[in-house]
Amino acid sequence: APAANGAKVHGVKVISAVPDLHLMSWNVAGWKTTSEHIRRFKGGLAAFLERHHVDVLCIQEVKLSAKVLAADALKLGADIPGFESFWACNEGQGAQRQGLNGVATFVRQGLVVRADSQPLNDSELDSEGRCLMTDHGTFVVFNVYVPNSAGGMRLPFKMRFLSALRAAMASARKAGKAVILAGDLNMKARAVDSHWMMRPLEVPRLRGLVARGPEPRGPAISADASVAVDAISASWPSVAAALRAKEHRPFETKNSRTGQTFQRWGVYAKARSGEVIRIGPPHDVEDCARASFLVDGVAIERDCEVVLGAGYADATFLLQRPGVLSAADLGECMKKLEGVEVGPAALKSISDAFGDVGTPPAVRDWLQSVLHEDGMVDSFAAFYPHAEERFTCWDQYKNKRHENMGSRIDYILVDKAFFEGHARQGAGLDSHGREPDSPPAALAAATFDGLSQPSSFAGGGMPPLHEDEFFAQFREKPATGIVYTPQQLSDHIAVSLLLSPSDCRLVAPPVTLVRDAATQLCQPHRSARRITDFFLKRPAPAAAAPPAAKRAALGVA
């Protein structure tokens, strides 16, 4: 049963009886490893939830099959005292192998009515374990791990998934429920949701955009950036020709510490000087090198056929318009192929003014429809519209979290009326004494103000997670926004939503979990008795509803 308000769980004071409801969403990139890290510290998973003041925790990419979950439920936290857990696992019945993907939702007991691991009503889509719906009476939570586009090859599947998800949310609204969508959406809503070096620029249009002037409320480019645009535009025909003639081939890299060699793939292009130069980072697989520095348009047909160059405009899904490079790639090409140095300040000014979102147009259109037609609110953007470089995911193999070069692809979207009635900002963003909206504040939060250390490129893996770094993630009070979890736990960090009852009920009766067939399917750890059950001295006490103060605050009878 849940601990009473003010009591302690492994030395952690329980504040769950406050009238607020705190929801967190987090791509854990493998729950087995993440939970092992958490269990090393005092109180384990139960104390972890209490320290974060969590009432609902949505996790994505759990990477567990139902069989593994049922066999190791205790270690995996499926039976945390005071919480119900629900799981949608990938059993290998679809296109991806068993154990990939997977989502799970932990809910404080007494705050959930039922759950459904097949809410999309499409066996192929549901079988990948990417969507789980929990019903909380007055509102539902869709916990999702949206497919990535896989360089475009899975874009048609992604669009099917998104269409089904939108229909499922609409059905919930017709049933009188407010909708919360939480998870790794694998898309970006705004240009500022990517680091400026990663934003795509449509190079042939830059000069015209400068002449037209800044967009309303958009940043004007600096004088140096205007000069740089002239140089880029003059060089672009030569750069584009070099990139059309590019080659990719393997090369070896060596670990300086161990002497171990690795085969990588590189992209090579001829510079104006006549020298053939490698551009871009090394790639682990040939396909990634082949798909780099394409400048003539890329699209995907519904059958996943890739369309390059001529014909891209008539294909089903556009991936990239002609003449598009990221700000980083453009700067590198100008320097290596043309011998023209575009300074980082000028390049940033160009990217801030003209950088695009970096999400395929069909996906971007879906998100805009959800926000503007369906009336959902991006909770982070609503409370922190001017925050810069607040990202939720980084390439940790390249230590990008320590440069804060990442993307915000993890979201909590909320139906507008419900958001306006219940959402609260709370404690705000971690800033470590800096101006909260500034890039220095975002970098300090991402690195725990320098407490986290990068991995050595000489090998040896990520630094071990020590107690001071582990406990740096916890805040005294909850908030809507971002929860900076340690780098050792995942390459993503968590996002959060703080709700208050206001003058309406957040959770309506009944608060007793209905164990119907759909809900039971979400709890494979309860479907069979485990061997440890035979050695219990006595049955566990029945779970209680939330403490009286919380029940009253939430309007629960």
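The values are calculated or read from the model by the stated rules, or taken from the named source; none is laboratory data. Please read these numbers as outputs of a predicted model, since none were measured by experiment. Quick reminder, even Gly has a Cβ in these numbers, built from the backbone with ideal geometry, and neighbours come from all protein chains shown. To get the accessible areas, we keep the full protein, side chains included, count just its heavy atoms, and leave off ligands, DNA and RNA. Shrake-Rupley method; radii C 1.70, N 1.55, O 1.52, S 1.80 Å.
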Segments classed as strands (runs of 3 or more DSSP E), wholly inside the range 271-331, with at least 1 members that are modelled with pLDDT of 95 or more, among the small types (Gly, Ala, Ser) and under 17 Å from Met159 (Cβ atoms): 296-300
The range 373-397: number of residues that are at positive phi and of a type in the set (Asp, Glu): 1
Count of residues meeting criterion [farther than 16 Å from Val103 by Cβ, of a type outside the set (Lys, Arg) and not in a strand (DSSP E or B)] in the range 135-161: 11
Of all residues making up the range 10-57, the number that are modelled with pLDDT under 95 and assigned to a loop (DSSP other than H, G, I, E, B): 9
Lone unmet requirement of (1) of a type in the set (Lys, Arg); (2) farther than 30 Å from Ala291 by Cβ; (3) surrounded by fewer than 22 Cβ atoms within 10 Å (Cβ to Cβ); (4) out of contact with any helix residue (DSSP H, G or I) (no Cβ under 6 Å at 6 or more places or on another chain) for Arg114: (4)
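Filter the range 184-225 for residues that are over 17 Å from Val324 (Cα atoms) and among the basic types (Lys, Arg); which is modelled with the lowest pLDDT? Before you say what the answer is, go through the steps one by one.
First, pick out the residues of the range 184-225 that are over 17 Å from Val324 (Cα atoms): 184-190, 192-193, 211-225.
Now drop any that are not among the basic types (Lys, Arg), which leaves 188, 190, 212, 217.
Values: Lys188: 97, Arg190: 97, Arg212: 87, Arg217: 67.
So the residue we want is Arg217.
Rundown of residues vs (1) touching an Asp or Glu at 6+ places or on another chain (Cβ under 9 Å); (2) surrounded by fewer than 17 Cβ atoms within 10 Å (Cβ to Cβ), yes/no style:
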| site | (1), (2) |
| --- | --- |
| Gly375 | yes, yes |
| Asp378 | no, no |
| Ala381 | yes, no |
| Ala387 | yes, no |
| Arg408 | yes, no |
| Phe419 | no, no |
| His422 | no, no |
| Gly433 | yes, yes |
| Ala445 | yes, no |
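Can you find a residue in the range 254-263 that is farther than 22 Å from Asp352 by Cβ and open to solvent by less than 60 Å² (accessible area, probe 1.4 Å)?
First pass over the range 254-263, keeping only residues farther than 22 Å from Asp352 by Cβ: 254-263.
So of that shortlist, the ones also open to solvent by less than 60 Å² (accessible area, probe 1.4 Å) come out as 255, 259.
Yes; the residues of the range 254-263 include at least one that is farther than 22 Å from Asp352 by Cβ and open to solvent by less than 60 Å² (accessible area, probe 1.4 Å).
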Test set (1) touching a residue at least 40 places away in the same chain (Cβ under 8 Å); (2) open to solvent by 20 Å² or more (accessible area, probe 1.4 Å); (3) in a helix (DSSP H, G or I) - Gln520 fails condition number: (1)
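Which residues, counting only those in the range 117-163, are among the hydroxyl-bearing types (Ser, Thr, Tyr), under 17 Å from Val370 (Cα atoms) and buried (at least 24 other Cβ atoms within 10 Å of the Cβ)? Step through it out loud before you land on a result.
We begin by selecting, within the range 117-163, every residue among the hydroxyl-bearing types (Ser, Thr, Tyr); these are 117, 123, 127, 134, 138, 145, 149, 163.
Then keep just the ones that are under 17 Å from Val370 (Cα atoms); that gives 145, 163.
Tyr145 - this is the single residue of the range 117-163 that is among the hydroxyl-bearing types (Ser, Thr, Tyr), under 17 Å from Val370 (Cα atoms) and buried (at least 24 other Cβ atoms within 10 Å of the Cβ).
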